[in-house]
1. Between Ser141 and Ser54, what FRET efficiency comes out of the Förster formula 1/(1 + (r/R0)^6) with R0 = 41 Å and r the beta carbon distance, rounded to 0.05?
2. Of the listed pairs Lys258/Lys292; Lys25/Lys136; Lys133/Lys258; Lys48/Lys292; Lys80/Lys168; Lys25/Lys133, which have alpha-carbon separations greater than 30 Å here?
3. Checking the cross-link filter: which aspartates and glutamates have an alpha carbon closer than 19 Å to that of Lys7, excluding same-chain neighbours under 8 positions apart?
4. From the gyration tensor of the Cα coordinates in the stretch 79-154, what semi-axes in whole Å does the equivalent ellipsoid have, largest first, with each one equal to sqrt(5λ)?
5. Can you list residues from other chains, or at least 5 along the same chain, whose modelled amide H is less than 5 Å from the amide H of Met101?
6. Between His94 and Arg296, what is the FRET efficiency for a Förster distance of 22 Å, r being their Cβ-Cβ separation, to the nearest 0.05?
7. For the stretch 238-287, what is the convex hull (Cα atoms) projected area averaged across all directions, in square nanometres?
8. Amide H neighbours of Val26 under 5 Å, counting only residues 5+ apart in sequence or on other chains, H built in-plane at 1.01 Å?
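None of the figures in this text is laboratory data; all of them are computed from the coordinates on show. Keep in mind the model is a prediction, meaning the values are calculated, not measured. Here the Cβ positions follow ideal geometry from the backbone for every residue, glycine too, while neighbour counts run over all protein chains shown.
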Amino acid sequence: MSKSKSKPSPLPPDTLIGGYRVVRKVAAGGFGVVYLAVGADGQQVAVKEYLPASLATREPGALSPQVPPDKLSLYRLGLKSFFEEGRSLAQISHPSVVSVMNFFRENDTVYMVMNYLEGASLQEFIITARDLKQTKVFRESTIRSLFDEILRGLRIVHQHKMLHLDIKPANIFITEENKAVLIDFGAAREVLSKEGNFVRPMYTPGFAAPEMYRRDSSMGPWTDIYAIGACMYACMQGFPPNEAPQRLPTDRMAVTLKRLQGVYSDNLIEVVQWCMALDALSRPQSVFALQKELNRAGDRHYTRLSVSEKVRLQLGNMVDGTKQSVIKATDIGKKSS
């Protein structure tokens, strides 16, 4: 394995950065490392370091990343965007948006200091709930109140002319006080994906709107709204929806959602379908429009399915299952030929 492909080393415990002492690495993604750290006042914080694995390396024990000359301009572009993101987030004070308390430059990179959250991500909750094998992964009231909280935060983000661009269950955090918080914004990721021949998948399959796969299309609040719909879908189904490009030739979204009739209200099913429209203009154009629809309490009637419909849907599920295994088998045939 060549050295350039190895992951940059995280900062060792007890390193001091900007007056914070690193306790340990908490997480690492393609764009940075998150540490648990302690401030001078003894308060625990999360410190996020800009360290894109595709552009920089760092030797164990070293403080500054090494960036090859041909990647320097791209590294600096991402750094600037990460810094701007810190500045924008520091201006937002909302319980449903991760709070940035401080951001600073050091060791030829940038650090963002955030409040340290105790709890688990929505993804972990979905996996736990899914494994209980009940008709409903989450209760409808839970889904509505959870996304009502998230949308309040997202609305403020959009008012600050920012987009999140990486909303997914792993980036919705449920604190031990049962508050839902949006974490891990994707601005630096977005800038880097647009530049030159930097073709790394910058999106999470199933949660990324179709326009995120095309370089020429305009993104806006509707892009985050698609992801919100996909997160709701995951809370209802227990699994992410199909990737947007797979939906383009034959969209089975309506069929899949029809199976949830009677389990969830028609209104909630329609809201998800509306958010996940493949055409950006067919989606809610603002968080406010979506909130209004989600809070329409009078609309929660459930379609009563007749016995024959239930049987048909059941058979449809079974046929779908066999169809998928047939497709997989033919795919394997193709590969080996």
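1. 0.45
2. Those over the limit are Lys25/Lys136; Lys48/Lys292; Lys25/Lys133.
3. Within the straight-line cut-off, Lys7 pairs with Glu49, Glu59, Asp70, Asp108.
4. 34, 15, 9
5. Amide H neighbours of Met101: Val113, Met114, Asn115.
6. Given R0 = 22 Å and the Cβ-Cβ separation, E is 0.40.
7. Orientation-averaged projected area of the Cα hull: 4.0 nm².
8. For Val26, the qualifying residues are Val34, Tyr35, Leu36.
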